[in-house]
1. Kindly state, to the nearest 0.05, the FRET efficiency for A:Asp158 paired with A:Val14, given R0 = 30 Å and r defined as their beta-carbon distance.
2. Let me check I've understood the local charge: for A:Val141, count other residues with C-beta under 13 angstrom from its C-beta, Lys and Arg +1, Asp and Glu -1. What total comes out?
3. Quick one: if the Förster radius is 41 Å, what FRET efficiency do B:Thr46 and B:Arg287 give, using the C-beta to C-beta distance and rounding to 0.05?
4. Using the Cα atoms as the points, what is the convex hull volume per residue of the range B:498-643 in Å³?
5. What residues qualify as long-range amide H neighbours of A:Gly172, i.e. H under 5 Å apart, gap of 5 or more or another chain, H built at 1.01 Å from N?
6. Taking Cα centroids, how far is the range B:629-649 from the range B:444-482 in Å?
7. Does chain B come out rounded, prolate or oblate, given a ≥ b ≥ c as the square roots of the eigenvalues of its C-alpha gyration tensor, rounded meaning a/c under 1.5 and, failing that, prolate meaning a/b above b/c?
8. Using a 10 Å cut-off around each Cβ of peptide A:264-276, what is the average number of partner chain Cβ atoms that fall inside?
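No lab work stands behind these numbers, since they all come straight from the coordinates. Just so it is clear, the structure is predicted and the values come from calculations on it, not from any experiment. Here the Cβ positions follow ideal geometry from the backbone for every residue, glycine too, while neighbour counts run over all protein chains shown.
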Amino acid sequence: MIPAPFDYIRPASVEDACRVLADAETAGDEVKVLAGGQSLLPLLRLRLAYPSALVDLGRLPELRGVADRGDHVYIGALTTHDEVMRSGVVREHVPLVALATATVADPAVRHRGTFGGSMAHADPAGDLPAVALALDCVFVVRSSDGEREIPAAEFFVDYLEPALEPGEVLLGVRVPKLGSGWGFHYEKFHRTAQAWATVGVAAAVRRGDGGTIEEARIGLTNMGPTPVRARVTEVALRGVAPSPSGSNGSDPLRDACAQADAGTSPPADLHARPDYRRHLARVLTRRAVGAALG
Amino acid sequence: MTEQLDAGLVAGRIAESGQVSEPSAEREMGRARRRKEDARLVTGRTMWTDNIQLPGMLYVAFLRSPMAHARITGVDVSAARSLPGVVAAYSGRDLAEEQGSLPCAWPVTEDIVIPDHPPMAVDEVRYPGEAVACVVATDRYRAADALEAIAVDYEPLDPVLDMTEALAEGAPKVHEAGNRAFTWKFAGGDIDAAFRDAPVVIDRAYVQQRLIPTAMEPRAVVATTDGDGFTLYSATQIPHVLRVMLAMTTGIPEHKLRVVAPDVGGGFGSKLQVTAEEVLALLLARRLGRPVKWTESRSEGNLTVHHGRDQLQRIAVAADRDGRIRGVRVELLADMGAYLMLVTPGVPLLGAFMYNGIYKMDAYDFTCTGVFTTKMPTDAYRGAGRPEATFAIERAVDELAHELGMDPVEVRRRNWITREEFPYTTIAGLTYDSGDYEAATEKALAMFGYDGLRAEQADRRERHDPVQLGIGVSTYTEMCGLAPSRVLGSLSYGAGGWEHAAVRLLPTGKVEVVTGTSPHGQGHETAWSQIAADALGVPFEDVSVLHGDTSVAHRGMDTYGSRSLVVGGVAVLAACEKVKERARELAAHLMEASADDVEFDGGRFRVRGTDEGRTIQELALAAFAAHDLPGGFEPRLDAEATFDPDNFSFPHGTHLCAVEVDTETGRCAIRSYVAVDDVGSVVNPLIVEGQVHGGIAQGVGQALFEEAVHDADGNLVTTTMADYLIPSAADLPEFTTDRTETPATSNPLGVKGVGEAGTIASTPAVVNAIADALRPYGVRDVRMPCTPERIWRALAEAEVTVPAQSRAAVPSTSEIAPEGGAR
Ligand SMILES: Cc1cc2nc3c(=O)[nH]c(=O)nc-3n(C[C@H](O)[C@H](O)[C@H](O)COP(=O)(O)OP(=O)(O)OC[C@H]3O[C@@H](n4cnc5c(N)ncnc54)[C@H](O)[C@@H]3O)c2cc1C
């Protein structure tokens, strides 16, 4: 597995990177940004992508790190999965991100792969896009024309297609803090410990004083060409008083999650066909919500 | 003044310098030594084939067929030839005159069809990944780039993917001679009588899915020539067999060909082969006069390492109401793939003698048809034929137990050969020399907590727990120690089954053991050192083991079929014994005693009843000095031995597996696993443990995870490790292992072999457990690998109604697409 030849460029700053990308665009060259390389390099090695050059952001410290910014946590695009899941700020204020990141691949991949790379790759089977969607994250991007922000709901356009224009670099992601009363869980179903999710469910649930669910946000992994919100279920969960399945066999949570797959178009692949994925989405959403409620 | 070279003096000096370590009082046999070869293997600072660098070396890359079946109407390599760094590029046609045909050493029947098998396709490709052209360049990157400049014209032909369809009238043909390679039959007893009026007949079909052997080290080859002679370095299990076969197929005279298996990182049978790449590397080195190297990528390996298993099994067991088995009938279709490689047709037949398992019965009938398809050829993969056989009989016996309402352990007890009955000649004609199924089973049941788990299972069934518990039993045996040469002859195999060893005492008393086995991860250097240390009374550290180079170990039959210890280790012992007898003769001479009065103990020869003695190190130096030897005694303490066993060996054991099946998602998790194996006497318990753990993991891989999948066009879709899933430690429970030790009576070490036991035993244990968990739901079987989706579908389609809360939602029929393309 040897990639086709390409040039390697290591910009000294983000401005520099944006300039290189802009020049390449003018010249009509296909240039790719390189972060941790954990998704891009396999594509090159399988010769499924033939960029003429890679622009390596790996040595730009300004793109790396986690910051507590009051109402949100800012995660630099080049922060590795390992740094994210170990960050005290992430664990305290946006625990769902830490929970989901800990399920990504294996330690070797987590030490190289980056938070921003996972988003920019826009793989619906990746664990973090569904989390970003559920938490309504905001993506901060920059090109030689300046900076702009993209809400998560608009970021994942299609399979492996983020809303990044050619020449744009993802700088970082704002993850809103949800405040008190919320519980979180990421439920990943995969065939081996290091495999990608067959289906994953990111759940954030807020319970009111009376114990009933007041708000739920559910992001689904690998249920379509992009991550999706289980909106029907989010609505159905509102006002549900979760009780351990009653003596009459009723389970209000299960009922509320019975349409978790509504509006999805799950793929068929070696690990699952669509009907099975739909079934999993329903079962796993029930479990994720239950676990988030604690 | 020079001192007189005196043996005793020199020995004293060596002792002073600390070079002679005292032999330890503890026997080496049975000692859990850490493996002496591991430091270099684990760190990779060693001679892996891909680490070899030779002056002027060139790199080969192969262009491989993107189609399962096509006529080649044109190959144009001219553009590739003109690229920078490219030294040569060839099509199959360019090499057609000299490349010959890859060998099949096992023509199992008189009328077997053995098609011509060119290493590089010339007119037609018959499996995806078959090499059609190659580039030789100054580095591997240029070679890979140049492949894209080669133009090949293909005229697609119909793929042949399904064995049953392949045998039907008018099916597209893989080869002109048709898709049936052979039909092989074997029988014992009166099978019709056994089935006639049988009160119970269990008749089942099982699919042994196609597996892709996944060794840690990919295949790699380096070929070099000095103009006259050739050296081939290859990540192979079989340097000796390879040399003979290559001499026969390439025309390079045997004495001009040296084959080296440097350190090799695993094989599991996949490196028991004469590969196209090995032959082509030699031809390219010959054409170009320069060394060439090829190392496969993982995806290339998934396509073109020979595959394993791939059989359709039909097994029928006739029994009485009390559970006594009357007879077993087996019909197999075995997928050969597109060609017959080294032992392709023999693999299913290695199972032919094992479908009766550990059980007594009146009759047995076996038929196997080998079928050509447009897939990568199959060949040996850990267990080779025996895992398939064990799976079928152990699954069927569990089904029999269920049919009779009997405990699966009890049915086995009623049928197995009891400890008093050994040696026992089975219905398949093998004589099991020793065994104790009662002991292994009792121990396993106790360790497993069988009764407690059955109680928990009943409770969960009662409660309709969505997570159900299943218990799987596998009481296996296998034939190991390939093999008595006369038996191989009677099975039409092309070679014998002996093994060779040479042992030499060096002047300073150190020992070199030269073995014909070819370790590729098994730890022979450690185990053989232990055997030699005990036999010669020398310290373990004083022994080194040489192997894997035909110019060093000139004679051997290599490593596969759990044969190395049982045949090769015994040869080491025999050579040591010969050395010892020579040393005794020399000791007797030096001590002026009769050899009969000289006894050997702990590395010292002593005249019986006296203190007078000589250490084996002193004798080594005396032989080297040769100043004072018995008349006619050659000045050396060396010996060679070739051991040809009289019988196979028969390890056995009881494996018990408990699984938890989540009936909502279909996920199966192994909760506990107990293995009690009887591999005879144990040289090194740590190595045995390692083999059992790895073996179980590999068998679980077949049960739950692994499958080579082809799409409807015949393309392999599991070409990466994201698609072809093998379990890692994180996917497996802690295995609880123990042993019983019933020594083999067929060899002086009492050993039976352990390389394949875990793999053979574990697959049926796991699947039996899954079937056991799902039986109350009306599920009879789940096809391997038992993926969550297959389990869920089996539950959804099963006929028994269970309470809604534990029932998987039934998919609407419109959503059930035909599963996963063609197999
Ligand atoms: C064996 C293996 C198993 C894996 N398992 C999982 C898993 O279970 N779950 C999971 O979620 N992921 C998994 N991954 C993927 C992993 O999470 C990667 O880290 C991630 O997909 C990409 O991050 P990266 O930093 O490596 O990006 P790269 O591979 O460097 O880049 C990926 C893409 O994003 C673009 N890009 C990267 N950074 C930027 C940026 N700052 N601005 C603009 N564009 C950018 C690149 O141009 C490229 O197109 C696995 C990877 C491997 C190798």
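1. On the way: r = 27 Å, r/R0 = 0.88.
In this case the efficiency is close to 0.70.
2. On the way: positive: A:Arg142, A:Arg148, A:Arg174; negative: A:Asp145, A:Glu147, A:Glu149, A:Glu154, A:Glu165, A:Glu168.
For residues surrounding A:Val141, the net value is -3.
3. On the way: r = 30 Å, r/R0 = 0.74.
Taking R0 as 41 Å, the efficiency between B:Thr46 and B:Arg287 is 0.85.
4. 104 Å³
5. A:Ala77, A:Val140
6. First find each Cα centre; the distance between them is then 49 Å.
7. Details: a/c = 2.00, a/b = 1.21, b/c = 1.65.
Oblate is the answer for chain B, as a/c is 1.5 or above yet b/c matches or exceeds a/b.
8. Values: counts 0, 0, 0, 0, 2, 3, 12, 7, 5, 9, 4, 13, 13.
Mean partner-chain Cβ count within 10 Å for A:264-276: 5.
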